[in-house]
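Input: a single structure, listed below in structure tokens.
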Amino acid sequence: MVKKYVYGRPFETYAVVNAENVSDAAESEKREFFREADMKKALEPYGGITWDEPEDWNDAPAMQYRVRMSDGDVVYGLGENVRGINKRGWVYESKCSDDPNHTESKRSLYGAHNFIIIADADNPAASKGLFIDYPGRVIFDIGYLDKNELVITVCSGNFTAYVVSPAMDGADGSDNHLYSIVRQFRHIIGKSYVPPRWAFGYQQCRWSYMSADEICDVVDNYRRRNIPIDAVYLDIDYMERYKDFTVNKETFPDFADFVRKMREKHIHLVPIIDAGVKIEDGYGTYEEGIKNGYFCKEADGEDFVAGVWPGRVHFPDVLNEDARRWFGHGYKVLLDAGIDGFWNDMNEPAIFYSEKHLKEVFDKIDDYKGKNLDIQSFFEFKGMVEGVANNLGDYERFYHRATQPDGEVVVRHDHVHNLYGFNMTRAASESFKELAPDKDILMFSRASYIGMHRYGGIWTGDNHAWWSHILLSLKMLPSLNMCGFMYVGSDVGGFNDNTTEELLMRWMGLAVFVPLMRNHAAAGTRYQELYRFTDTDTFKNIVTMRYALTPYLWEAYRRAVEQDTLMYRPLGFEHPEDKVAVATEDQLYVGEDIMICPVYTQNAVGRYVYLPEPMTMVRMKSADEYELEKYEAGHYFVEIPAQEIVFFIRDGHRIPLYKSAEYTEAVFGNECEWIGE
Ligand code: MIG
């Protein structure tokens, strides 16, 4: 059962699309559920979170929900975020952020996924799902100020909360409270995006391959060594001076021909698209946007100017239907050149500086000139300069003419901040339907909000080549699935900092089971294409094993989408009564049949594995060489060399192992054998 609690006059986010069975809460229930809060007092203990007096349409007081948790209760959800699968013990803030430092002290990453499940340990039937449909800031204190209290603060009185209770009457075929909640929630937000099959192949990225020649070289290196690969990425340098929908003609002469040649080698090229449109006379996208008033505006009606890659840019007002359609049609030049995959970046939107704020800072810098900077003034100065990038104040400087069901409304960006990446991706995806209805197109984004899962996937942004980030990426998988995001993955090997051969190998060991298996690294870091290392045979072997498993993963993915359920299942979902299973956060069920237990520590010979049920261990040494061994439920130390892929098949289940190939489509035509009991 799903019940809807409407407060004030909510902004329509289009997160929920199937509300036919959603019932409305009575006024009295609503008053009980969320209470008005004195915002200053409510936010003070969290520090650093400011509260602006809302303006115009968004003028209702902030609201707060509080509930006690007993010791065993588990809180799941929140999609892309730091920390555990069980979110208890920290405070999270929904605020799409371009933050390249994913430490556990953070509260927000690139996505805003306001859905949680409170799994009630004492009375499982009282477990519930809670979705806060509000596109501005929401704070989820999940046992941070008081370890047994959950406090949700919505920085506005205009929002909708959806409460999902388990339906245990068998109506939805469920016999598990947690899955029942997931299924009902996923139903109301609509079916998740399904990518083309090749997007399950190994993909190579780097910021940036600078030319067609360099890309040819990368591809040759893979093909020559028979390391399977399906896609290579174009990061910002393929463009002409970082202008969306352009291609640098010097470094990529005859782009369409290049795309075609790559496709003959079964390689898909995937260009990046950035949110900011360069301000430059004679640049078509810029001029059209200006002419039609499609960019976000400041209060005085001037187009908002921010700085990103190309220097000064405007942001397309993707919350406006006409502007959205226009921006989406920009992808056409690349589609026409044969491109069938894109990644949308910097769409929180990331802002290096706003022109006005930068001017204020430059003016103030004069005050510090020649001064004896002491502890006070030095840190003030430092903070001021560092605070230029992604400054929250900049989000209060511009407006959208957002399309709402009853017409257009002018809304200040910070009140709808979390919808930008969603609508940029929606722009692309809606235009694909129109421009290339027969093409199956890969689309994923950095920023997102629930609802965007219908239009594309996400990657989890600028992680580091840190061991802890293998585990972090594993923990996000089920949380993302709960929020509808199915086509997901992290930058394998780590984006920031230099990777090592062993780290990359172990990361690949997890990525073998993840839809988006993309190796990506930042400019200036060590090159980390698989052939750059000593033991390229092992890398080849790992990727080949992935291809052998791809049809299983594809089916698991498809089924999870069709059934509105999880592809990645925490052990606690399968065994809610088993306390050890519930607390195990470094293993996952993948689909209905297998459990994975990747190694995520340096110099390991293996790891401890907990089996909540009897299973058969599969020790894959290569795509066609494996050993099976039966295990009873219990705790084990399992030796897992980096050269092998070890996972478990549940009793009574079998999975297909295909003959591998150098690109994904070919695998599906191959023979398979079934393994398991
Ligand atoms: O702030 O386009 O997350 O994947 O390589 C850097 C350059 C901008 C951030 C993306 C990253 C990409 C990079 N971009």
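The values are calculated or read from the model by the stated rules, or taken from the named source; none is laboratory data. Small disclaimer: the values here were computed from a predicted structure and weren't measured. As a convention, Cβ positions derive from the backbone with ideal geometry for all residues, glycine included, and neighbour counts pool all protein chains shown. Protein only, heavy atoms only, side chains kept; ligands, DNA and RNA dropped before computing areas. Shrake-Rupley method; radii C 1.70, N 1.55, O 1.52, S 1.80 Å.
Structure values in brief
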{"quantity": "Solvent accessible area, Å² - residue 657, 1.4 Å probe, full protein context", "calculated": "10 Å²"}
{"quantity": "Anisotropy class of the chain from Cα gyration tensor, a/c 1.5 cut", "calculated": "oblate"}
{"quantity": "Rough spin-label spacing in nm, given labels placed 7 Å along Cα→Cβ, for residue 433 and residue 101", "calculated": "4.2 nm"}
{"quantity": "Probe 1.4 Å, accessible area per residue of the chain, Å²", "calculated": "37 Å²"}
{"quantity": "Nitroxide proxy distance, nm - points 7 Å out along Cα→Cβ at residue 123 and residue 366", "calculated": "6.7 nm"}
{"quantity": "Förster-model FRET efficiency, 60 Å R0, residue 176 and residue 355, C-beta, rounded to 0.05", "calculated": "0.65"}
{"quantity": "Straight-distance crosslink candidates among lysines, where the alpha carbon sits under 21 Å from residue 40 and sequence neighbours closer than 8 are dropped", "calculated": "95"}
{"quantity": "Residue 40-residue 257 FRET efficiency (beta carbon distance; Förster radius 45 Å; 0.05 resolution)", "calculated": "0.15"}
{"quantity": "Accessible-area value, residue 433, 1.4 Å probe, nucleic acids and ligands omitted, Å²", "calculated": "140 Å²"}
{"quantity": "Mean separation of Cα contacts under 8 Å, 6 or more apart, over the residue count of the chain: relative contact order %", "calculated": "14 percent"}
{"quantity": "List 1, 567, 168, ordered by accessible area with a 1.4 Å probe, largest first", "calculated": "1, 168, 567"}
{"quantity": "GluC sites (Glu not before Pro) within the stretch 83-151: DSSP coil, no more than 13 neighbouring Cβ in 10 Å", "calculated": "104"}
{"quantity": "Listed peptides 398-404, 619-625 by packing density, highest first (mean Cβ within 10 Å)", "calculated": "398-404, 619-625"}
{"quantity": "Linear extension gain, residue 677 paired with residue 281, 0.36 nm per residue minus alpha-carbon span", "calculated": "135.9 nm"}
{"quantity": "Residue 396 paired with residue 224, simple spin-label distance in nm, labels 7 Å along Cα-to-beta-carbon", "calculated": "5.8 nm"}
{"quantity": "Proximal aspartates and glutamates relative to residue 475, as straight alpha-carbon distance under 12 Å, when same-chain residues fewer than 8 apart are discounted", "calculated": "80, 585, 586"}
{"quantity": "Dipole moment magnitude, nearest 20 debye, the chain about Cα centre, only Lys, Arg, Asp, Glu C-beta charged", "calculated": "440 debye"}
{"quantity": "At R0 = 25 Å, FRET efficiency that the Cβ-Cβ distance of residue 29 and residue 563 yields, to 0.05", "calculated": "0.25"}
{"quantity": "Cα convex hull of the stretch 195-283, projected area averaged across orientations, nm²", "calculated": "6.3 nm²"}
{"quantity": "Contour excess over end-to-end distance, with Cα ends at residue 214 and residue 332 and 0.36 nm allotted per residue", "calculated": "40.0 nm"}
{"quantity": "Cleavage-rule hits (trypsin sites (Lys or Arg not before Pro)) in the stretch 449-539: DSSP loop, at most 11 neighbouring Cβ within 10 angstrom", "calculated": "none"}
{"quantity": "Alpha carbon centroid spacing (whole Å) that separates the stretch 573-609 from the stretch 417-479", "calculated": "26 Å"}
{"quantity": "Where 278, 106 fall by accessible area, highest first, once all protein chains stay in place (1.4 Å)", "calculated": "106, 278"}
{"quantity": "Positive-end residue of 8, 474, 94, charge dipole of the chain with Cβ unit charges", "calculated": "474"}
{"quantity": "The chain: calculated mean residue ellipticity at 222 nm from DSSP helix runs of at least 4, using -39500 (n - 2.57)", "calculated": "-8000 deg cm²/dmol"}
{"quantity": "Cα-centred dipole magnitude for the stretch 145-261, charges only on beta-carbon of K, R (+1) and D, E (-1), debye, nearest 20", "calculated": "260 debye"}
{"quantity": "Extension gain (nm, one decimal) between residue 19 and residue 608, 0.36 nm per residue minus Cα-Cα", "calculated": "207.6 nm"}
{"quantity": "Eligible lysines near residue 332 by straight Cα distance, threshold 25 Å, same-chain separation 8 or greater", "calculated": "243, 249, 261, 265, 278, 291, 433, 439"}
{"quantity": "Dipole axis of the chain (+1 Lys, Arg; -1 Asp, Glu on Cβ), positive-most option in 603, 631, 390", "calculated": "631"}
{"quantity": "Trypsin sites (Lys or Arg not before Pro) lying in DSSP loop within the stretch 329-392, provided at most 15 other Cβ fall within 10 Å", "calculated": "369, 371"}
